[in-house]
1. Test of understanding: ordering Asp236, Asp243 by Cβ neighbours within 10 Å, fewest first, what list do you get?
2. Exposure proxy check: Met116, Met186 ranked by fewest other beta carbons within 10 Å?
3. How far apart, in nm, are two points set 7 Å out from the Cα along the Cα-to-Cβ line at Val163 and at Asn38?
4. Taking the Cβ-Cβ separation of Tyr200 and Glu127 as r and a Förster radius of 30 Å, what is the calculated FRET efficiency to the nearest 0.05?
5. List, in the order given, every pair from Lys58/Lys103; Lys72/Lys160; Lys53/Lys139; Lys68/Lys190; Lys68/Lys139 whose Cα-Cα distance in the structure shown is over 32 Å.
6. Say R0 is 22 Å: what FRET efficiency, to the nearest 0.05, do Cys99 and Arg142 get from their beta-carbon distance?
7. Spin-label point model (7 Å from Cα, Cβ direction): what's the Asp236 to Leu57 distance in nm?
Amino acid sequence: MTSKTNLKLKEISDTSVLLDLEEGKKGKAASIFSNFKNAHPILAKHFNHITNKHEFLKIAQAYYDDFKAGDKHFAFVSTEFLSSQQVTVLALTSYFDHCFPLKMAIVTGKISSPQMKELTQDGVELEQMIPVFPVKKMKVNRLGDNIDLIDINDLKTLAKDGVANTEYEQSVEKALSVYDVVFFDMPEMKDFNQHKVLYYAITQNIDTLSIIVTQGVSKTQDITELRDVYTAHGIDVKGVIFDCTSAARSKKTFFNF
C-alpha cells in the first residue's frame, strides 16, 4: 500500500489541520457546493455547516488519496460535541457521493441524533442479506441508490446471543465488504468500553481513525486515551481535526500539546 496522507498533530501525529464546524446552522458565505447535483440533497447541505470550506476540501482530498491507496473504512470519534463529529462524517460522505460513483455506508453509534434522524426519515428501511452460513439479515436505511445508513447496534446484533466469536467477526466483515467506502461515526468512549468485546469485530474493519478535537474543551488526557484505545486495536490514527467553532463558544482555557 502506498503511503497515506496524514492529518498530523504533535504527540498524536506530526502537523495540525484547522476546521470550522457550524453545529446546526448554515454558514453566512455562499456555499461553493451548492451545485453538487450528484450528491444526495440532505447530505449536501451539511457542507453549508462548514465555514472553512477551502480547508475542508483539502481534508476531503486527503481521505480520497487514502482511498486510492487502498483504505476504504474511515472512523471518526470525539471527546465532546457529537454534532461536529457527525457533520464531519456527513460532509465527507457528501463529497465522495458527488465526486465518485461509489456504494457507501455510514455506520453510526447515534442513529437518533437530529442529523441522523433526518436521514432515516428520508431513507427507505431495507433488510440487507449477509452472505454467511447460515445467511443473516441486517437492517439498513437506504438513501438514494448508493448510500446505506447503518445503526452500529444492528451490527452488534449479528453476534448470536451476544457472543463475540469467529462467526460474528465474519458476519461483520461480510456485511461491510459490499461497500466501496464506509464512514464510521463511532460512539462515545463510555459505550465503547462497556461493549469492548462486541466492538472488537467492528474495529477490525477500520483502516484509519480521526479524532475531532475542540480547542479549549477537549483535554489532552482524553485525546490520548482515545488514541491509545484505538491503536491497541491495531488502528492507524490519522490525526485530529480541530472544531474551532465550538471552541469560540467555550469559555474554558485552550489546551496545549
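1. Ordered from fewest to most neighbouring Cβ atoms within 10 Å, Asp236, Asp243 come out as Asp236, Asp243.
2. Sorted ascending by nearby Cβ count, the order is Met116, Met186.
3. 4.7
4. About 0.75, to the nearest 0.05.
5. In this structure, Lys53/Lys139; Lys68/Lys190 exceed 32 Å between Cα atoms.
6. Approximately 0.60, to the nearest 0.05.
7. With each label point 7 Å from Cα toward Cβ, the separation is 2.6 nm.
No lab work stands behind these numbers, since they all come straight from the coordinates. This structure is a prediction, so every number in the text was calculated from the model and none was measured. Every residue, glycine as well, gets a Cβ built from its backbone with ideal geometry; the counts of neighbours run over all protein chains shown.
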